[in-house]
Amino acid sequence: MVEGLFTTADVNQDGHFGADDVEAIFEQCDINHDSAVSKSEFERCFSEDAPDMMMVADGFFLDLDMDKNGVLEQGDTQLYYDKIDQNGI
Ligand SMILES: [Ca+2]
Ligand SMILES: [Ca+2]
Ligand SMILES: [Ca+2]
C-alpha cells in the first residue's frame, strides 16, 4: 500500500487501517444517505481538499468494491475486512 493511500485510508488517523476507518468512510462519504457509497460520492469525499487524490481515490474505490457492482455497501466492507485479515494488516 502506498503511503499516500494509507494516510488517506486511515480516516481516523490512529495509525492503522481497519473497520473503524471503513465505517468513517461510510459516514463521511455517503452524501445522499442511502447506505451505499457511489464512486462519485467516494471521489468527492476524497478529492475535496486535494484534486490530485482523485487517482488514488479511484484505485481505493476499486479495491473496496469487492463485488465490483460499482457501489460500496456493507457487504463489500465485510469482504474487505476478510481480505485485510488474510493479508495480516
Ligand atoms: Ca484508523
Ligand atoms: Ca450514497
Ligand atoms: Ca459493491
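The values are calculated or read from the model by the stated rules, or taken from the named source; none is laboratory data. None of the values given here were measured: they were computed from a predicted structure. With ideal geometry, Cβ positions are generated from the backbone for all residues, glycine too; neighbour counts draw on all protein chains shown.
Quick notes on this one:
- Selection within segment 27-78 - under 18 Å from Asn12 (Cβ atoms), within 16 Å of ligand 2 (Cβ to nearest atom) and assigned to a helix (DSSP H, G or I): Glu27, Gln28, Cys29, Phe42, Cys45, Phe46, Ala57, Leu64, Thr77
- Checked against the criterion of being loosely packed, with under 13 Cβ neighbours inside 10 Å and within 15 Å of Ile84 (Cα to Cα), segment 1-13 has at least one qualifying residue.
- Unmet criterion (only one of (1) within 16 Å of ligand 1 (Cβ to nearest atom); (2) without any contact (Cβ under 8 Å) to a residue 24 or more places away in the chain; (3) surrounded by fewer than 13 Cβ atoms within 10 Å (Cβ to Cβ)) for Gln28: (3)
- Scanning segment 38-70 for residues that are surrounded by fewer than 18 Cβ atoms within 10 Å (Cβ to Cβ) and of a type in the set (Val, Ile, Thr) turns up nothing.
- Residue count for segment 61-81, restricted to those that are charged (D, E, K, R) and within 9 Å of the chain's Cα centre (by Cα): 2
One line per residue, one yes/no per condition, for (1) at pLDDT below 85; (2) closer than 16 Å to Leu79 by Cα; (3) not hydroxyl-bearing (Ser, Thr, Tyr):
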residue	(1), (2), (3)
Asp14	no, no, yes
Asp20	yes, yes, yes
Met55	no, no, yes
Gly59	no, no, yes
Asp63	no, yes, yes
